[in-house]
């Protein structure tokens, strides 16, 4: 499986062919190469945002554990998804069909939001992201977002976590001039944790073909 950090250097593969803490970052803190045995076999569905990496990539590498574990800038669609050993060819085919029925869309990140322990970029509009999450959860209700911990998870792109407010204030001042960021969402990525890093397993294009 491909390292997600490799994919961050490219455009979304599909385009070419809450208040939760984060998506994959919501596990134990893990820097570059740190083992994450408790996350082995955990999966997530993500929308990557490569346009954000030039602006906030440095802060993410410093303050977001998922960046050191191989995850590029992203908005989580659903975490955790099914355990990796449950995702067989049939589940993969269902995911492909589910996402193929959805239209590609454009997101703009125009400002910052905060949870008690997190600084994040606000995706607008968030309705298409919520619709993706709802569609997956409706098909696999045994895998609610964040294990059902949050009643209404908020779509977000994590910039930094676990820092005092003054750090978030400084980051907002530093990055405000680089907003808005825009991205075209053309696919959803399935990633799997191997106990050390998050790896790309599949990319599901948003094709706008409900009959496929």
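So, in region 129-146, of the ones that are in a helix (DSSP H, G or I) and more than 14 Å from the chain's Cα centre (by Cα), which residue ends up surrounded by the most Cβ atoms within 10 Å (Cβ to Cβ)? Steps first, please.
Filtering region 129-146 for residues in a helix (DSSP H, G or I) gives 129-139, 145-146.
Cutting the leftovers down to more than 14 Å from the chain's Cα centre (by Cα) gives us 131, 134-139.
On the way: 131: 14, 134: 12, 135: 16, 136: 23, 137: 17, 138: 9, 139: 13.
If we take residues in region 129-146 being in a helix (DSSP H, G or I) and more than 14 Å from the chain's Cα centre (by Cα), then 136 is surrounded by the most Cβ atoms within 10 Å (Cβ to Cβ).
If you scan region 68-94, which residues turn out to be at pLDDT 95 or above, part of a helix (DSSP H, G or I) and out of contact with any strand residue (DSSP E or B) (no Cβ under 7 Å at 6 or more places or on another chain)?
85, 86, 89, 90, 91, 93, 94
Check residue 116 against each of (1) buried (at least 16 other Cβ atoms within 10 Å of the Cβ); (2) modelled with pLDDT under 95 and name the one condition it does not meet.
Failed condition: (1).
Among (1) over 21 Å from residue 43 (Cα atoms); (2) surrounded by 14 or more Cβ atoms within 10 Å (Cβ to Cβ), where does residue 64 come up short?
(1)
Can you name the residue in region 200-212 that is surrounded by fewer than 17 Cβ atoms within 10 Å (Cβ to Cβ) and more than 13 Å from residue 45 (Cβ to Cβ) and is also modelled with the lowest pLDDT among such residues?
If we filter region 200-212 for residues that are surrounded by fewer than 17 Cβ atoms within 10 Å (Cβ to Cβ), which is where we start, we get 201, 208-212.
Next, from what is left, pick out any that are more than 13 Å from residue 45 (Cβ to Cβ): 208-212.
Working: 208: 86, 209: 77, 210: 68, 211: 60, 212: 50.
Among residues in region 200-212 that are surrounded by fewer than 17 Cβ atoms within 10 Å (Cβ to Cβ) and more than 13 Å from residue 45 (Cβ to Cβ), the one modelled with the lowest pLDDT is 212.
This table checks each residue for (1) out of contact with any strand residue (DSSP E or B) (no Cβ under 6 Å at 6 or more places or on another chain); (2) crowded, with 21+ Cβ neighbours inside 10 Å.
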site	(1), (2)
96	no, no
122	no, no
127	yes, no
155	no, yes
192	no, yes
195	yes, no
198	no, yes
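Would you be able to say whether some residue in region 157-178 is crowded, with 17+ Cβ neighbours inside 10 Å and under 22 Å from residue 205 (Cα atoms)?
Checked region 157-178: at least one residue is crowded, with 17+ Cβ neighbours inside 10 Å and under 22 Å from residue 205 (Cα atoms).
Which members of region 159-190 meet the condition of being under 30 Å from residue 136 (Cα atoms) and out of contact with any strand residue (DSSP E or B) (no Cβ under 6 Å at 6 or more places or on another chain)? Give the derivation first.
The first filter runs over region 159-190 and keeps only residues under 30 Å from residue 136 (Cα atoms), leaving 159-162, 180-190.
Those that are under 30 Å from residue 136 (Cα atoms) and out of contact with any strand residue (DSSP E or B) (no Cβ under 6 Å at 6 or more places or on another chain): 162, 186.
Take region 114-128 and flag every residue that is part of a strand (DSSP E or B) and over 16 Å from the mean Cα position of the chain (by Cα).
Pass one, region 114-128, residues part of a strand (DSSP E or B): 114-115, 118-124.
Passing the criteria: 114, 115.
The values are calculated or read from the model by the stated rules, or taken from the named source; none is laboratory data. Predicted model, so just to flag it, every value in this text is computed and none were measured. Note: ideal-geometry Cβ built from the backbone for every residue, glycine included; neighbour counts use all protein chains shown.
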